[in-house]
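For reference, the structure discussed in these notes is given below.
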Amino acid sequence: MNKLIFMIAMVLIAVRQLSASAATEIIISIPDQTLAVVDSGKLIARYRVSTSKFGNGDDVGSYQTPLGTLFVSGKFGDHLPAGTVIKNRAPTGEIIAVDAPNRDAIVSRVIWLRGMERQNLAAHDRCIYIHGTPEERRVGIAASFGCIRMRSGDVIALYDRVHIGMHVTISEKAIDELLPQEKPTLLSRAD
């Protein structure tokens, strides 16, 4: 009997964790060059990003950032030092300093995205990532070749919050339009 109760308790805990983590999502606003992490309708974190300098779309060879709903299909870079170069989703051993001249590598962490809609189905094959960049001075302006670039410290913090299967919405709307509105409570004051 105790074994049965223990197993039921473990199943309930697992279901609770799955439902809680499924509520977490990433929202990216192209016009604001901002990424937000939202959990159960509550803003958890906000970061500046850099999307494509070639605009939005998902055509192969376009170097554009895809729009719509995608999901995290892979994570690479566990425990790597900030600035570690990642090529083909594997560390090379090289570490690049922030804003090193003439260096535009993928660094620190890679969060690989897969499209869920007709408008972004090529994203995975195009290797669209959320990743670190040594060009941190350019974060906040559209400067990438299709991926979503972040400062190394920010992508490392995001990486630890992200799980495989997490939804990512990339939109042409302002971030304030995309974020859930705070619900007033009985403790809210109107004055």
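A few remarks follow.
- Residues in the stretch 56-77 that are of a type outside the set (A, V, I, L, M), touching a residue at least 60 places away in the same chain (Cβ under 8 Å) and more than 22 Å from A23 (Cα to Cα): N56, D58, D59, S62, Y63, Q64, T65, P66, G77.
- Among residues of the stretch 33-64 being among the β-branched types (V, I, T) and within 18 Å of E177 (Cβ to Cβ), the one that is surrounded by the most Cβ atoms within 10 Å (Cβ to Cβ) is V49.
- Residue match in the stretch 140-159 (condition: of a type in the set (D, E), on the phi < 0 side of the Ramachandran plot and at pLDDT below 95): no
- Identity of the residue in the stretch 127-168, aliphatic (A, V, I, L, M) and part of a loop (DSSP other than H, G, I, E, B), that ends up surrounded by the most Cβ atoms within 10 Å (Cβ to Cβ): I128
- Number of positions in the stretch 95-109 that are under 14 Å from the mean Cα position of the chain (by Cα) and within 15 Å of F145 (Cα to Cα): 0
- Selected residue (criterion: modelled with the lowest pLDDT) from residues of the stretch 1-44 that are among the small types (G, A, S) and closer than 30 Å to N56 by Cβ: S21
- Each residue in the stretch 86-122 was checked for being part of a loop (DSSP other than H, G, I, E, B) and either of a type outside the set (D, E, K, R) or surrounded by 17 or more Cβ atoms within 10 Å (Cβ to Cβ) (or both), and 12 pass.
The values are calculated or read from the model by the stated rules, or taken from the named source; none is laboratory data. Because the structure is a prediction, the values reported are computed rather than measured. With ideal geometry, Cβ positions are generated from the backbone for all residues, glycine too; neighbour counts draw on all protein chains shown.
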